[in-house]
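Student: Following this message is one structure expressed as structure tokens.
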Amino acid sequence: MRLAIISDIHEDHISLQKILKRIDRTGCDKLICLGDISGFSESYYRYPKTRNAHACLELIREKCEIIVPGNHDLHAAGKIPKQPAGARYEQWKHEEDLDPGYNEEEVAFLASLPAYTVLPTPEYSILLSHYASPNLSGIIKGFYTRGKEFGPHFEFMQKNNCTLGFTGHAHARGFYTVIPGRFRHYGYRPLHLKNFPVVVGIPPVTSHKYRSGFCIFDTDSHKVRVIKRY
């Protein structure tokens, strides 16, 4: 089974359209979105005249079989996840996000999305989330850059009987892999996954900072292809 996985569109309608066309040419069995269809304050947009949250959400709903929400989607839906018991974390401030202009039905749809999805394959299961536990939806400020920081996520994967996870949120330039205790970054290139359990962090769709790309994963060969939009 070939999976096409995208994340972090941030209302960039033009980049989303171009990437979906490339995915159509490449071919896939399932298209998956890891969230942040919405988002960004004005200072982050390189495409203020073409940003269109409604059109992006419409395309994602039409094309994707699996959708999980990102922190900007949850803010747009007015749904903030609970923090872990006894923990205090600084959250991203979304007050400056431009109004995506969603209607009531679209807001309700975003609010209904599960924080994560487990996708079974004949040999193993895959955890799909916007980011890594205990910050599955990316609402907590900051990013993980060391293997040991993903320890809670590997525990969460084990709890859900998953040996592979895909995440977005970090806007990777290319992609990264994490096995317990080791974080490694790659450019836009293919890679055969050999060590499990493993987490793969994929690039954003948005053209912000010229990192736009998407991921193709073959569940039989364990081959990841991360392809740059440009």
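Just so it is clear, none of the values below were taken in a lab; they were calculated from the coordinates. No experiment lies behind these values; they were computed from the predicted model shown. With ideal geometry, Cβ positions are generated from the backbone for all residues, glycine too; neighbour counts draw on all protein chains shown.
Student: Extension gain F196-Y230, at 0.36 nm per residue separation less the Cα-Cα distance, in nm?
Tutor: Values: separation 34, 0.36 × 34 = 12.24 nm, distance 3.11 nm.
Contour length minus the Cα-Cα distance gives 9.1 nm.
Student: At 20 °C and 1.002 mPa s, grab the translational diffusion coefficient of the chain from Stokes-Einstein with a Kirkwood Rh over Cα pairs, rounded to a whole number in µm² per second.
Tutor: Translational diffusion coefficient: 123 µm²/s.
Student: For region 109-230, report the translational diffusion coefficient in µm²/s to the nearest whole number, using Stokes-Einstein at 25 °C, 0.890 mPa s, and a Kirkwood Rh over Cα pairs. All intermediate terms of the calculation are to be shown ahead of the outcome.
Tutor: Details: Rh = 14.6 Å.
Here the translational diffusion coefficient equals 168 µm²/s.
Student: Report the relative contact order of region 146-230, percent, no decimals, based on alpha-carbon pairs under 8 angstrom and at least 6 residues apart.
Tutor: So the answer I get is 28 percent.
Student: Can you give the extra length, in nm with one decimal, that the chain gains between R182 and I14 once fully stretched, where that is 0.36 nm per residue apart less the Cα-Cα distance?
Tutor: 56.9 nm
Student: Non-local amide H neighbours of T167 (under 5 Å, H modeled in plane, Pro and chain starts lacking H): which ones?
Tutor: Close amide H contacts, sequence-distant or interchain: V200, G201, I202.
Student: Along the Cα-to-Cβ line of A111, 7 Å from the Cα, sits a label point; which residues in region 129-159 have backbone N less than 12 Å from it?
Tutor: Label zone hits: none.
Student: Suppose every K and R has +1 on its Cβ and every D and E has -1 on its Cβ; what is the size of the dipole of the chain about the Cα centre, in Debye to the nearest 20?
Tutor: 1200
Student: Set Lys and Arg Cβ to +1 and Asp and Glu Cβ to -1, take the dipole of the chain about its Cα centre, and tell me which of Y186, C64, Y102 lies farthest positive.
Tutor: Farthest along the dipole direction, towards plus: Y186.
Student: Based on the Cβ-Cβ distance of T163 and E58, what FRET efficiency does E = 1/(1 + (r/R0)^6) give at R0 = 35 Å, to the nearest 0.05?
Tutor: 0.55
Student: Okay, moving on. Let me understand region 18-130 better: what is its radius of gyration from the alpha carbons, and its Dmax, in angstrom?
Tutor: For region 18-130, the Cα-based Rg and Dmax read 15.7, 48 Å.
Student: Kindly put C28, C162, C33 in sequence by how many other C-beta atoms sit within 10 Å of each C-beta, fewest to most.
Tutor: C28, C162, C33
Student: Arrange the following residues from fewest to most other Cβ atoms within 10 Å of their Cβ: C215, C64.
Tutor: Neighbour counts put them in this order, fewest first: C64, C215.
Student: I'd like the antiparallel share, as a percent to the nearest 5, of DSSP beta bridges with both residues in the chain.
Tutor: Details: 29 of 42 bridges.
Counting DSSP beta bridges with both partners in the chain, the antiparallel share is about 70 percent.
Student: Using only the Cα atoms of region 110-149, build the gyration tensor, take square roots of its eigenvalues as a ≥ b ≥ c, and label the shape rounded, prolate or oblate: rounded if a/c is under 1.5, else prolate if a/b is larger than b/c, else oblate.
Tutor: Cα axes put region 110-149 in the oblate bin.
Student: Stick to the Cα atoms of region 1-67, pair each with every other, and give me the Kirkwood hydrodynamic radius in Å at one decimal. Don't skip to the end; give the middle numbers.
Tutor: On the way: mean 1/r = 0.0821 Å⁻¹.
One decimal place: 12.2 Å for the Kirkwood radius.
Student: Next question, about the same structure. Taking the Cα centroid of region 1-45 and of region 141-196, what is the distance between the two, rounded to the nearest whole Å?
Tutor: So the two Cα centres are separated by 20 Å.
Student: Explain nothing, just compute: Karplus ³J(HN,Hα) = 6.51 cos²θ - 1.76 cosθ + 1.60, θ = phi - 60°, for every residue of region 17-30 in order, whole Hz, x for Gly and Pro.
Tutor: Listing the rounded values in order: 4, 5, 5, 5, 5, 5, 5, 4, 6, 6, x, 7, 8, 9 Hz.
Student: Using a Debye calculation, one point per C-alpha and no hydration shell, please list log10 I(q)/I(0) for region 77-181 at q = 0.14, 0.20, 0.21 Å⁻¹ in order.
Tutor: -0.66, -1.20, -1.27
Student: What are the ³J(HN,Hα) values, in whole Hz, obtained from phi via the Karplus relation 6.51 cos²θ - 1.76 cosθ + 1.60 with θ = phi - 60°, for each residue of region 128-138 in sequence order, with x given for Gly and Pro?
Tutor: 10, 8, 5, 9, 10, 4, x, 10, 4, 9, x
Student: For the residue pair R2 and Y44, what label-to-label distance in nm results when each label sits 7 Å from Cα along the Cα-to-beta-carbon direction?
Tutor: So the two model labels end up 3.2 nm from each other.
Student: Further question on the same structure: Under the rule of -39500 (n - 2.57) per DSSP H run of 4 or more residues, summed and divided by the residues of the chain, what mean residue ellipticity at 222 nm is obtained, to the nearest 500 deg cm²/dmol? Don't skip to the answer; put the middle values down first.
Tutor: Numbers: 5 runs with 50 residues, N = 230.
Rounded to the nearest 500, it is -6500 deg cm²/dmol.
Student: Also, I was wondering about something else. Label-point separation (nm) for K223 and T121, each offset 7 Å from Cα along Cα-to-Cβ?
Tutor: Rounded to a tenth, the inter-label distance reads 1.3 nm.
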